[in-house]
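Below: the structure, in structure tokens.
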Amino acid sequence: MYGSMTIRTIVIYLIIAFFFRIMGKREIGELSLLDLVVYILLTEIAAIGIDNHDQPIFEVAYPMFLIVVIQIIFSIISLKSVRFRKLLDGTPVLIISDGKILEKEMKKQRYTFDDLLLQLREKDIGDVRDVAYAILEPTGKLSIFKKELDKSPEYSSLTFPLILDGAVQEDNLKHYNKDKVWLLQQLKNNGYNDFKQIAYCSFRGNELFIDKKEIE
């Protein structure tokens with residue numbers, strides 16, 4: 001039993017390694033949705049094939065072979081057809097333009113403010129206003145182009161958002177020793193009467209940055 005399982009495991013491993021090799025090299029973070037589906041299907045079929053000792057190796061390899069052939073055909077078509085490539089992989093989406101968050105595009109992609117801020121922090125960016133452009137790639141990766149900053153002595157690269165999508169972040173207000181009354185007054189000074197009007201608000205160097213919500 002163990003001898004048969006060992007042989008099946010080695011053979012299926014070699015088959016998968018060969019199929020992955022002919023499909024080309026791509027980093028895990030750069031896999032398209034189609035690539036991910038193919039990889040999951042191949043590994044699932046392989047797992048079933050290892051467990052099912054009564055099934056001939058050919059019957060395991062054949063559906064894997066078909067999946068790889070389909071993937072290669074789709075890849076060739078994608079190289080020749082921009083429309084087909086966009087249909088399979090999607091297109092990059094502009095999320096931030098000159099420090100302005102494009103909420104409508106975020107909602108279309110079901111991309112949250114938390115997702116955005118997390119990926120900005122991963123790039124050592126503490127505030128939206130420091131971004132010239134941010135593009136959400138089809139892989140889910142955020143490509144960021146920074147602004148040229150004039151770093152005055154009171155400059156701090158990391159800021160804590162005071163308002164996100166109309167909701168006041170009270171814990172972050174406490175970080176600055178401020179409260180909602182102060183924040184509302186600052187908004188009124190800038191022509192806003194309600195927190196819900198604001199998509200994003202942050203505070204740095206005694207300056208309030210306000211990004212108004214887009215009209216829905």
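The values are calculated or read from the model by the stated rules, or taken from the named source; none is laboratory data. Everything numeric here is computed off the predicted structure, so don't read it as measured data. Backbone-built Cβ (ideal geometry, glycine too); neighbour counts: all protein chains shown. Heavy atoms of the whole protein, side chains included, go into the accessibility calculation; ligands, DNA and RNA do not. Shrake-Rupley method; radii C 1.70, N 1.55, O 1.52, S 1.80 Å.
Computed with a 1.4 Å probe over protein heavy atoms only, the accessible area of Val181 comes to about 110 Å².
Using the rule -39500 (n - 2.57) for each DSSP H run of four or more residues, divided by the residues of the chain, the 222 nm mean residue ellipticity is -15500 deg cm²/dmol.
Within the chain, the whole DSSP H helices whose Cα atoms reach 15 Å or more along their own axis and whose mean Kyte-Doolittle score is at least 0.0 are 2-23, 33-51, 57-80.
What the phi angles of region 102-110 give under the Karplus curve with 6.51, -1.76 and 1.60, with θ = phi - 60°, is a coupling list of 8, 5, 4, 5, 4, 5, 4, 8, 6 Hz, glycine and proline written as x.
Computed from the C-beta positions of Leu87 and Ser4, the FRET efficiency with R₀ = 35 Å rounds to 0.20. Using only the Cα atoms of the chain, build the gyration tensor, take square roots of its eigenvalues as a ≥ b ≥ c, and label the shape rounded, prolate or oblate: rounded if a/c is under 1.5, else prolate if a/b is larger than b/c, else oblate. Verdict is prolate for the chain.
Take every Cα pair under 8 Å in region 93-203 that's 6+ residues apart, average their separations, divide by the length, and report that relative contact order as a whole percent. In percent, rounded to a whole number, it is 24.
Residue ranking by accessible heavy-atom surface, 1.4 Å probe, largest first, among His53, His175 comes out as His175, His53.
Evaluating 6.51 cos²θ - 1.76 cosθ + 1.60 at θ = phi - 60° for every residue in region 199-211, the Karplus couplings come out as 7, 8, 9, 9, 9, 7, x, 6, 10, 9, 9, 10, 10 Hz, glycine and proline recorded as x.
The H on the amide N of Val131, modeled in the peptide plane, is under 5 Å from the matching H of Gly99, Lys147, each at least 5 residues off or on a different chain.
Were the residues from Gln185 through Glu137 laid out at 0.36 nm apart, the gain over their Cα-Cα distance would be 13.4 nm.
Please give the solvent-accessible surface of Tyr133 in Å², to the nearest 10, using a probe radius of 1.4 Å with every protein chain present. For Tyr133, the solvent-accessible surface is approximately 110 Å². Across the protein chains, with a 1.4 Å probe defining accessible surface, the residues Lys108, Lys188 rank Lys108, Lys188 from largest area downward.
Given R0 = 25 Å, the distance between the Cβ atoms of Gln109 and Lys213 translates into a calculated FRET efficiency of 0.90. Approximating the spin labels as points 7 Å out from Cα along Cα→Cβ, the Asn193-to-Lys147 distance works out to 2.9 nm. Counting charges near Asp51 (Lys, Arg +1; Asp, Glu -1) among other residues having Cβ under 15 Å from its Cβ returns a value of -2.
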